[in-house]
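For reference, the structure is listed below as structure tokens.
The values are calculated or read from the model by the stated rules, or taken from the named source; none is laboratory data. Please read these numbers as outputs of a predicted model, since none were measured by experiment. Neighbour counts are summed over all protein chains in view; Cβ atoms, including those assigned to glycine, are modelled from backbone coordinates with ideal geometry. Please note that ligands, DNA and RNA were not included when accessible areas were found on the heavy atoms of the full protein model with its side chains. Shrake-Rupley method; radii C 1.70, N 1.55, O 1.52, S 1.80 Å.
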Amino acid sequence: MKFYGKTDVGVCRTENQDCFGIYEILPGVTLLAVCDGMGGAAGGKIASEIAENTFMSSTVSFCETLNKDNFDSKKLKVAIEESVQKANAAILEKAREDLSLFGMGCTLNALVFCDFK
């Protein structure tokens, strides 16, 4: 299966605050993530970029230890949860470093698509 992503600023905003990542963990196992900055809040675009980068790099780092024979969905679930926490911490840290970004945030949605044959 092939995946692709596309974002659009929409009709209400002047800035596109969407980010996405697609990573093939193993043949037949793909990690997808979509982050969207909180519209109208300071730094929504920055928050979504931090979340996507931190989440994907943390999860991918874990996934590099996997292969088809040792794939464990429970361990992957824990790794994803930890990656979300790391992304949240990175956003909070950036807001502490730059007070103009106080209150920034975003949504993060992730999916692991498994198609083992």
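Structure above, values below:
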quantity: Top of V29, V84, V60 by mean-square fluctuation, Gaussian network on the chain, Cα under 10 Å; calculated: V29
quantity: Charge tally in the Cβ shell below 15 Å around D36, where Lys, Arg are +1 and Asp, Glu are -1, D36 excluded; calculated: -2
quantity: Charge context of A90, other residues only, Cβ under 12 angstrom, K/R +1, D/E -1; calculated: -1
quantity: Residues with amide H under 5 Å from that of I25, placed H, sequence gap 5 or more; calculated: T30, L31
quantity: Residue among V112, L92, C63 farthest towards the positive dipole end of the chain, charges placed on Cβ; calculated: V112
quantity: Helical contribution to [θ] at 222 nm, DSSP H n ≥ 4, -39,500 (n - 2.57), averaged over the chain, rounded to 500; calculated: -13500 deg cm²/dmol
quantity: Whole-number accessible area per residue in Å² for the chain, which is evaluated in the context of all protein chains at 1.4 Å; calculated: 64
quantity: Summed residue charge, Cβ within 14 Å of M56's Cβ, Lys/Arg positive, Asp/Glu negative; calculated: -4
quantity: Neighbour-limited loop hits for chymotrypsin sites (Phe, Trp or Tyr not before Pro), the range 1-74 (at most 11 other Cβ within 10 Å; DSSP other than H, G, I, E, B); calculated: Y4
quantity: Separation in nanometres of the label points that stand 7 Å from Cα toward Cβ, at T65 and Q85; calculated: 1.5
quantity: Given charges at Cβ of Lys, Arg, Asp, Glu: the chain dipole, positive-most of F3, C35, C19; calculated: F3
quantity: The chain: angle of helix 73-97 to the longest principal axis, Cα-based, in degrees nearest 10; calculated: 20
quantity: Student exercise, the range 1-81 dipole from Lys, Arg, Asp, Glu Cβ charges, in Debye to nearest 20; calculated: 160
quantity: Relative contact order [Cα under 8 Å, 6+ residues apart], the chain, whole percent; calculated: 33
quantity: With every protein chain in place, the chain: carbon and sulfur % of accessible area (1.4 Å); calculated: 54
quantity: Solvent exposure, largest accessible area first (probe 1.4 Å, DNA, RNA and ligands not counted), of E52, E64, E93; calculated: E64, E93, E52
quantity: ³J(HN,Hα) computed for each position of the range 21-27 - Karplus, 6.51 cos²θ - 1.76 cosθ + 1.60, integer Hz, glycine/proline x; calculated: x, 9, 9, 7, 5, 9, x
quantity: Size descriptor, Kirkwood hydrodynamic radius, that averages inverse alpha-carbon separations across the chain, Å; calculated: 15.0
